[in-house]
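J.: Before I ask anything, here is the structure I am working with.
FYI, it's all coordinate maths here, none of it is from the lab. No experiment lies behind these values; they were computed from the predicted model shown. Note that each Cβ is placed from the backbone with ideal geometry, even for glycine, and that neighbours are counted across all protein chains shown.
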């Protein structure tokens, strides 16, 4: 009988695993990530968890009822520029869209100097070079009417040329295809005839929204990471099945849930940022259990520091994503990131002579100097070891002792260049990282209309709890929760195990006030049918399916929309007047009281349906409060800690 819930999350430095049995007993473990073949690190983590339970890895796999996996394979392929050779087929005359980009060149929200002063920035390396882009004759207008039929002969010729050029995947993006997808559907059929087995992705399937550049970017990225991600996921699926796991493998996705492994292989773009998102979902689940609806999630891993917001029990969402300066539209839990992880490298700016931390990271290989794997450059983790914040003898449960002498040598080299002592330098490194984290939290909360003092911080990740006290104090936040004790260091893996199955479907149709309730109902019903069909393909019966609806609205003539959630999943009798009031409240929360224009015409732009299948949840038994003084068995040996405020060490 299946008795375990299991979540595995692969990070840049460690692969984390959480196993929970039906009684709430919880086992956690960390294994070094294996960038050359990430599946090895995953299987090693499962083996460590099995050993903790006193069983074999095969016995563990046979006993797992739900296995959810978060992967960074797609993210790494983009960062390391090791994706597939991609060909792009688009409407003739629009071949250069992906190279022209938007005016901000993917620098929106970063240093404004880079946006307005072109010589200080440049466009990213192209996902698809111009020589691998083909335009074919076809045209659909903005009302979804066919103006020019698809020229199938041109399409076949374009496919043959791209295949002859050695492409490993083809992306298809035609103008206004989200209103009339027949041309893209036929293109996919023809490509399959000309090049059987080639990875093909179409814009109407992945991002059925307007924004020609963003749709093109999305399908190009999906094709770029498709072959490598699908090959990896297929290998993991086969290996876990061979070891006895019988249920469908679930893959965490950026929208805040899981999808089947087969859906992830078709749309691997959904897996980008899925690891940090899992941490938010685990926090949402725990927040519900302990009655904490407003949470700032802070995940400090080896490479980055990730921040998410949960307000009134619901994670904040975003519909515009950015990767390597390429913008695309995709529903996702909003995660803001800064390169201040445990492995962030410390360096001195040669121009100003000041100390800097990140964004470059030592990663898993070689990692920080204290790991003893050949690293030579000081990192935040090395500073934490010098300061005594990390126990060098008990790191990763004692399985991985740290080299304190090596850490001191690396930090001292930086200190000597600055003319300060060892502890002052290590403390400065930690404080710079902490203030960068505090600044990111301010940006994430205040820009969304929230006061950080109204929230509780959940601090997790391998290094999150180490620094949370400082950045919480900087923000005036009174409560910091380190969730589930030792589980905090593998919290994203726990979040994966606690996530529900989720499909998000969208439809663009601009509707101006006065709204027609029947048109609203009809659009939402169409999306509900689509979501129900997806869940049915995943083997979810109708009785387990749940749906939530929302609308993206704006003042007529504006560019940016705000999402308005519908209070009921019933489609009959949509409260049209209630939509106006809900829009006003949400708009003024974001932009200030009085910002909404009373009586102005409003527009609905996007209809959205979230189709979910609640998965079995791990039980977290309540623990009785301990004594004011911990028992002797719980005490660990004392060690010296450096206190920055006192500028001295103390046991």
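J.: Average the reciprocal distances over every distinct pair of alpha-carbons in the stretch 83-226, invert the result, and give the Kirkwood radius in Å.
T.: 15.6
J.: So if each residue of separation counts as 0.36 nm, and I subtract the Cα-Cα distance between residue 122 and residue 634, what length gain in nm does that give?
T.: 178.8 nm
J.: Can you sort 237, 421 by how many other beta carbons sit within 10 Å, fewest first?
T.: In order of increasing Cβ crowding within 10 Å: 421, 237.
J.: Could you calculate the contour length gain from residue 294 to residue 393, that is, 0.36 nm times the residue separation minus the distance between their Cα atoms, to one decimal place in nm? Please report the intermediate quantities before stating the final value.
T.: Working: separation 99, 0.36 × 99 = 35.64 nm, distance 3.63 nm.
Contour length minus Cα-Cα distance gives 32.0 nm.
J.: State, to one decimal in nm², a quarter of the convex hull surface area for the C-alpha atoms of the chain, i.e. the direction-averaged projected area.
T.: 31.0
J.: With angles folded into 0 to 90 degrees, how steeply does helix 404-418 sit against the dominant principal axis of the chain? Use alpha carbons for both and round to 10.
T.: 80
J.: At 7 Å along Cα-to-Cβ for each site, give me the label-to-label distance between residue 151 and residue 22 in nm.
T.: Label at residue 151, label at residue 22, 6.4 nm between them.
J.: Also: Beyond 25 Å, how much of the Cα-Cα pair distribution for the stretch 444-597 remains, as a whole percent?
T.: Summing the P(r) of the stretch 444-597 above 25 Å gives 54 percent of all pairs.
J.: As a footprinting exposure proxy, order 58, 645, 536 by other Cβ within 10 Å, with the fewest listed first.
T.: The order, fewest Cβ neighbours first, is 645, 536, 58.
J.: Relative contact order of the chain, please, whole-number percent, based on alpha carbon pairs below 8 angstrom and at least 6 residues apart.
T.: Values: 1378 pairs, mean separation 84.8, N = 651.
RCO, the chain: 13 percent.
J.: Here is a further query. Using the count of nearby Cβ atoms within 10 Å as a rough guide to exposure, how do 281, 511 rank from fewest to most?
T.: Ordered from fewest to most neighbouring Cβ atoms within 10 Å, 281, 511 come out as 511, 281.
J.: Percent of Cα-Cα pairs per 10 Å bin, from 0 to the last occupied bin, for the stretch 274-496, please list those.
T.: P(r) for the stretch 274-496, in whole percents per bin: 8, 33, 34, 19, 5, 0.
J.: Turning to a different aspect of this structure: I need two numbers for the stretch 439-495: Rg to one decimal and Dmax as a whole number, Cα atoms only, in Å.
T.: 11.8, 33
J.: While we're looking at this one, here's another question. Please state the Cα pair-distance histogram of the stretch 548-651 with 10 angstrom bins from zero: what percent is in each bin?
T.: So the P(r) values, bin by bin, are 11, 25, 15, 10, 15, 19, 6.
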